[in-house]
Structure formats: structure tokens, C-alpha cells
Amino acid sequence: MTSLAWIRNNRRTQIVLGFTIGICFGFLLQKSGVTDYGVIENQLLLVDFTVLKMMLSAVIIGMIVFQILKQWGFANLHAAHGTLGSNVIGGLIFGAGFALLGYCPGTVAGAVGTGALDALFGGMVGMLIGVGIFAGFYPSLKDGILSQGPFPVVTVPEFLRLNPWITIFILEVCMVGFLLLLEYAGL
Amino acid sequence: MVVFGMLTQVSWSPYIAGAGIGLLSCLALVLADRPLGCSTAFVKARGLIGKMINAEKTERMAYYRDIVPRVDWAFMIIPGIIIGALLSSLLSGTFHVTWVPALWGSVFGNNVVLRVGAALIGGILLGIGARWAGGCTSGHGISGSIQLSLASMITATCFFIGGIIVAMLLYRVIGVGLA
């Protein structure tokens, strides 16, 4: 456990780790197809479900692995207490940008790696301008709209008042069922 | 040989690549004690640029006191993604320089200024929305959902609701009107 604490607190190790994890992430994003504008836009147009298949597969595997790691003390919960004003409004603004740009903050960088210059000069430059605008308005948003309508609890098992493993089982059945339906429908 | 064959494939099943991303997100939570997100890096980069232009003003801003602009784990994710995707596309021979995506071009034409302008506005909305919601498709959608975060699952649903509405408007209303 002490070696894990050392890894987490060593600045240089973390820089190398971030870069390495980023490389693996970019590689997997490109291989899954989601760094392509057409794949993302066709997901939002509901004709190609590659993005959802990739994301749900990640969640199906990750949910079980994370729960085990957390129980064994290797990982901590990093979930924030959400609000309607922050998560719903922010999510919808993000969605509008997602459709207009055709990439999200990770896949825009991946698209740059595949040679997409609209992702570089439009997407990444726009992201930098956007976060700058948000930073400017942050002090007035923070205690205003961002804190409006807090959710009652932090996690889904608390919300459903169920044991985490039972919650995971239900969610896994729903996600696998949804993917089977997609495949059955030929999507 | 088998491994190299996989690396040079044009694409993998989204289920296989997705499973890898799920495991990678868990690895980030163990080794960095952080969710694998992408939008924080843009805040750090924007803060670093701000410091070059006007250090005093940037250091006074509350948001850059919460998310400190420096080269660290979260910052390095973005250069990493660019290199990783570059490697993947070079190995499979799919790397190629483009200004206008084919689907966009087939409906809105191949005008570079129009496409980059739309991408710029999209990028601005994406940046504002990601920070407004406190995360992006990977931070909320994958890492947050993995941790059973209620806020993350609601946020990810809203990403797609907003995205589907605007994509349908673009391609099924405006695009059809242009044709």
C-alpha cells in the first residue's frame, strides 16, 4: 500500500503515468472507431451505435473491476454530489457542442492524431476558448445555477437503497440486454 | 505476430476496445487516484496560456485556484491521446490529413471556413458544457458510471439527449432544407 501512495504522490511518476495512460487511451479510442467524425455524428443520428457499444462495454467491465478494487482498498470513490443546475444544464450545453463539433474532449484530441485539422483548429481551439469563458463566469455561477437543485444522494445504490452488488447486477443486466437488443436489431 | 497483426488492424470491435478502456479507467483510479477525464487538461492548458499573457490576472481567477494550471497527470492525458491515436492510425495506414469530414461535406459542402467555424462554435460549447457539468464523456460517462455515480449517469444521459437533438436539427432539418 505504501508503494501505491508513493506512486500517487510522486510528481514525475504521475507525469509519465498520465502520458502513458493517455497514449493507451488514444490508441484504444482510435481502434474503436470513435475518433472519426462520421461515427460520432451517426451515433447521435441513431444510425451507428459504435459509440454506445464502446462506452457500455467499458462500463460493463469497469463497474465490476472498480467495485472489487474499492473493496480491497486499491481505489477510492471520486463521485461528486451533483445538481440539476450543473449536471443537467451543463450536460445539455455539452451535447449541443458534441453534435456541432462531432467530437468530445477526448476524441477531439484523438481525431487530431489521425490528421483531422477541423478537430485541431476548430475543436481544440474552441475547447480552450470555452473553458476560458467558463473560468471567467465561474465565480458568479458557482453559488448560483451550479448549486441549484442538488441530487439527494451521491451514488445509485444509495438512490435505490440497495446493496452495491445488487445494484451492479441490475445495471449489468440492463446494459447487456440493451447491447443484445442492438445486435438483434442489426444496429 | 498475432499481437502485431492486431496493432495494424484498421479497427477493433468496439466491445474489445471498450473493455480495454474500462480496465484503463480502473488503472487510472488505482495508480493516479483520479478518474480518467479529458476536459481538466484543457482548463490547465488554458490557464498556462493565460499565465503567459497576464500572469497576475490568471492567478487571481478563482477557477484556476481550484484547478491549478500546471503540467501534471491530468494535463498529460491530452498529448498522450494525440500520440496514441497517431500511432494507431499510422500502424493501420489510416492516417490522413483532412479539413472537412466526409459526412459533413456530403451535406454542407467542402468549404473549410464553414466547417472550421462550426467546429469552433461546437468546441466552445463543449468546453463550457464540460466544465459546467464537471466532466466529459470519459470522466462522467465512463469513469463516473463505473463508480456508480448518480450525477455522472444523469450527465452522460444529458450529453446524448442534447447531442441527438442538435444532430437531428443539423442533418434532418437544416441539411434536408439545403438539399
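Here are a few things to note about the model shown:
- Evaluating residue A:116 against the criteria (1) over 19 Å from the mean Cα position of the chain (by Cα); (2) within 8 Å of chain B (Cβ to nearest Cβ); (3) over 29 Å from residue A:37 (Cα atoms) leaves one unmet condition, (3).
- In a residue-by-residue description of segment B:106-115, the property of being within 15 Å of residue A:103 (Cβ to Cβ) and either part of a helix (DSSP H, G or I) or under 20 Å from the mean Cα position of the chain (by Cα) (or both) applies to at least one position.
- Criterion applied to A:120, A:180 was being surrounded by 14 or more Cβ atoms within 10 Å (Cβ to Cβ) and on the phi < 0 side of the Ramachandran plot, and the one residue passing it is A:120.
- Search result, residues across segment B:12-46 that are in contact (Cβ under 8 Å) with a residue 24 or more places away in the chain, hydroxyl-bearing (Ser, Thr, Tyr) and facing another protein chain (nearest Cβ under 7 Å): B:25, B:39
- Residues within segment B:36-81 that are hydrophobic (A, V, I, L, M, F, W, C) and touching a Pro at 6+ places or on another chain (Cβ under 7 Å), tallied: 4
- One residue stands out in segment A:61-80 among those that are more than 7 Å from chain B (Cβ to nearest Cβ) and touching a residue at least 24 places away in the same chain (Cβ under 8 Å): the one that is farthest from residue B:142 (Cα to Cα), namely A:73.
- Where a residue in segment A:24-39 is at positive phi and its partner, wherever it lies, is part of a loop (DSSP other than H, G, I, E, B) and surrounded by fewer than 24 Cβ atoms within 10 Å (Cβ to Cβ), with Cβ under 7 Å and at least six apart: A:33/B:11
- Whichever residue in segment B:105-132 is touching a residue at least 60 places away in the same chain (Cβ under 8 Å) and more than 7 Å from every other protein chain (Cβ to nearest Cβ) and, among such residues, is farthest from residue A:117 (Cα to Cα): B:107
- Residue within segment B:143-158 that is out of contact with any Pro (no Cβ under 7 Å at 6 or more places or on another chain), at the interface with another protein chain (Cβ under 7 Å from one of its Cβ atoms) and closer than 24 Å to residue A:112 by Cα present: no
- Hits in segment B:85-104 (condition: of a type in the set (A, V, I, L, M, F, W, C) and either more than 7 Å from every other protein chain (Cβ to nearest Cβ) or outside any helix (DSSP H, G or I) (or both)): B:90, B:91, B:95, B:97, B:99, B:100
- Evaluation of residue B:165 against (1) surrounded by fewer than 23 Cβ atoms within 10 Å (Cβ to Cβ); (2) within 14 Å of the chain's Cα centre (by Cα); (3) aliphatic (A, V, I, L, M) (one fails), failing number: (2)
- Selection from segment A:103-116 of residues that are of a type in the set (Gly, Ala, Ser), farther than 16 Å from residue A:130 by Cα and in contact (Cβ under 8 Å) with a residue 12 or more places away in the chain: A:110, A:111, A:113, A:116
- If you go through segment A:129-187 and keep only what is aromatic (Phe, Trp, Tyr) and outside any helix (DSSP H, G or I), you end up with just A:151.
- Selection count where residues are among the acidic types (Asp, Glu) and surrounded by 15 or more Cβ atoms within 10 Å (Cβ to Cβ), scope segment B:61-120: 1
- Note on segment B:26-43: among residues that are over 15 Å from the mean Cα position of the chain (by Cα) and at negative phi, the one that is surrounded by the fewest Cβ atoms within 10 Å (Cβ to Cβ) is B:30.
- Test result for residue B:156, in contact (Cβ under 8 Å) with a residue 40 or more places away in the chain and either in contact with a Ser or Thr (Cβ under 8 Å, 6 or more places away or on another chain) or not in a helix (DSSP H, G or I) (or both): no
Throughout, read-outs are computed from the coordinates displayed, never taken from laboratory work. Predicted, not measured: the structure shown is a model, and the values here were computed from it. All Cβ positions, glycine included, derive from the backbone under ideal geometry; neighbour counts span all protein chains shown.
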